Every structure is written in structure tokens, then in C-alpha cells.
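The values are calculated or read from the model by the stated rules, or taken from the named source; none is laboratory data. Values in this document were obtained by computation on a predicted structure and should not be read as measured data. Please note: Cβ atoms are built from the backbone with ideal geometry, for glycine as well, and neighbour counts cover all protein chains shown. Each accessible area value is taken on the protein alone, full model and side chains, heavy atoms only, with ligands, DNA and RNA left out. Shrake-Rupley method; radii C 1.70, N 1.55, O 1.52, S 1.80 Å.
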Amino acid sequence: MTRRVATNAEGLSVTARGLRKRFEGGLVRAVDGVDLAIAAGERVAITGPTGCGKSTLLSMLALLELPDEGELELGGRPARSIAPAERWRAENLGFVFQFHHLLPHLTVEENVMLPLIGRGIARTEIRRRARAMLEGIGLGHRAGFLAGTLSGGERQLTAVARAMVGHPSLVLADEPTGSVDSHTGDRVLALLLDSELARGRTVILVTHDPRVAARADRRVSMLDGRIDPPQAATARPNHEPGGKDAAARP
């Protein structure tokens, strides 16, 4: 099914040229020459077998890992010029980790508040936004519970709420439905891809699930650390439904 790529300026474009990342003294080529261009507002699913480099690529796009070789641009800005990376992530990025990474000694509400702290927002407003987010996804009644007491599905929804609460320009999600049932998975995807909060934002999902990949605007496959088949790292235009490009995509 073809979906429209949003043209809202809030999204960030992503361009990678020849990205490489090695581990264990260069013996393991986790990412081995990735060329990739993602338009602002596009929603892309990255698929491939376990160990093909998907999560490592996502970490580099989040500036959590620096490439050994190659160039990365985020919103047209060279990644190596972005400093401090922590501030850039706080202002621009929402990351959904595969295993949630919630702080179990904090409440659900406090976990969702975290991305807004240190951004010059009054604490009462931070709490209001976090509570509104939780109410919107049906977890308002769990706001005061410790995160460690949540079910797996509730943890994942909380992790997505935490990633989205700051209205990020770029959302990265590593297997966001990998540990939840299909009903919760649909709720997670609706929040990441279809909600008002997601509108106009660039979303990149790593997934093994073809049903999840089908919800994105475009699917990119990885094999042995590379994009398969290879793609040119040139800027992709925004696409209109029913247009020439849309007809060419699966």
C-alpha cells in the first residue's frame, strides 16, 4: 500500500555516504559502506536478518556511535560538526530502544518527563505534557506507578511516549513491536506513524516483522552490513500519492 510522505518541515532529512563501523579491532564489519538518503518527513523501515548491522546503523544515526569511515548529514548538517551531541539529541531526537531502557526507580510519568528536563521548560509544564501524553495513549491511570511494575506492553508504550513527548524532528525505533503482542504492537505503530504527534516527523524503524515494514512509506533491506540492493545517497524528493514515484514503489 502506498502512503503519502508528509511535507511538514518539522522532519529532518538523513543522508549517509559510505558509512562503516567495525568492532573487535576491525574484525567485525557491523556496517560496511552504507549509502542511504531519507527525505524529511519520510517513514522508512529497515529490515534484514539478525546481525546484519541494523541496530549499529541506527546508533550512528542517533550519534550514539561515530562511524569509522563515511559521511552522515542530519537535516543537511554534517554529523561530525554537531556538538555537543547530547544537546542535539535532546532537542531533535526521539529514540525507542529495543529493551525500553526505562528507569525502574522512577514513576511512569517521571520517565516520560525526562526528555524535557534541562530544556528551559517549567517543571509544572513538563509534568502537564507528560501526563497529557500518558492520558492520550491510555496509560494515565499508571502515571504514578514505578516503571518496574509495568507489563511488557505498558513498558513499550511508555518508551514510545518518552520518545515522542518532546516533539522530535527525527524518531528512531529499534524493534518497537518485537516484544509485545499484536494488539499492543498496533497501538505502538499508530503512535509512531499515524498519530497527530507523528505527523511530519521523519521516522526510521528497525524491524524483522514484514507487517511492520508494510506500514512505512518505504522499506530498506540490509545484508552483511550493507544496503541490499544498494541505493544512491542522493536527496529523495517528497512524494505525492499516485505520482510516478509512488507507482514505482511496492
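In segment 36-77, how many are of a type in the set (D, E, K, R), farther than 18 Å from residue 99 by Cα, under 18 Å from the mean Cα position of the chain (by Cα) and outside any loop (DSSP other than H, G, I, E, B)?
Selection size over segment 36-77: 2.
May I ask you to list the residues in segment 68-88 that are crowded, with 21+ Cβ neighbours inside 10 Å and touching a helix residue (DSSP H, G or I) at 6+ places or on another chain (Cβ under 7 Å)?
The answer is 72, and nothing else.
State all residues of segment 144-158 that are surrounded by fewer than 19 Cβ atoms within 10 Å (Cβ to Cβ) and assigned to a loop (DSSP other than H, G, I, E, B); if no residue qualifies, say none.
Those that are surrounded by fewer than 19 Cβ atoms within 10 Å (Cβ to Cβ) and assigned to a loop (DSSP other than H, G, I, E, B): 144, 145, 151.
Go through (1) of a type outside the set (Ser, Thr, Tyr); (2) closer than 21 Å to residue 204 by Cβ; (3) not in a loop (DSSP other than H, G, I, E, B) one by one and return the number of the condition residue 130 breaks.
Residue 130 satisfies every listed condition except (2).
Mind checking which residues of segment 15-41 are open to solvent by less than 10 Å² (accessible area, probe 1.4 Å), closer than 13 Å to residue 70 by Cβ and of a type in the set (Val, Ile, Thr)?
31, 34
Results for (1) among the aliphatic types (A, V, I, L, M); (2) without any contact (Cβ under 8 Å) to a residue 40 or more places away in the chain, shown as yes or no for each residue.
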{"site": "36", "(1), (2)": "yes, no"}
{"site": "39", "(1), (2)": "yes, no"}
{"site": "50", "(1), (2)": "no, no"}
{"site": "55", "(1), (2)": "no, no"}
{"site": "58", "(1), (2)": "yes, no"}
{"site": "72", "(1), (2)": "yes, no"}
{"site": "75", "(1), (2)": "no, no"}
{"site": "85", "(1), (2)": "yes, yes"}
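Test residue 183 against the stated conditions and say whether it is modelled with pLDDT of 90 or more and surrounded by fewer than 16 Cβ atoms within 10 Å (Cβ to Cβ).
no
Going by the conditions given, is residue 44 open to solvent by less than 20 Å² (accessible area, probe 1.4 Å) and at pLDDT below 90? Give the derivation first.
Working: open to solvent by less than 20 Å² (accessible area, probe 1.4 Å): yes; at pLDDT below 90: no.
Answer is no for this residue.
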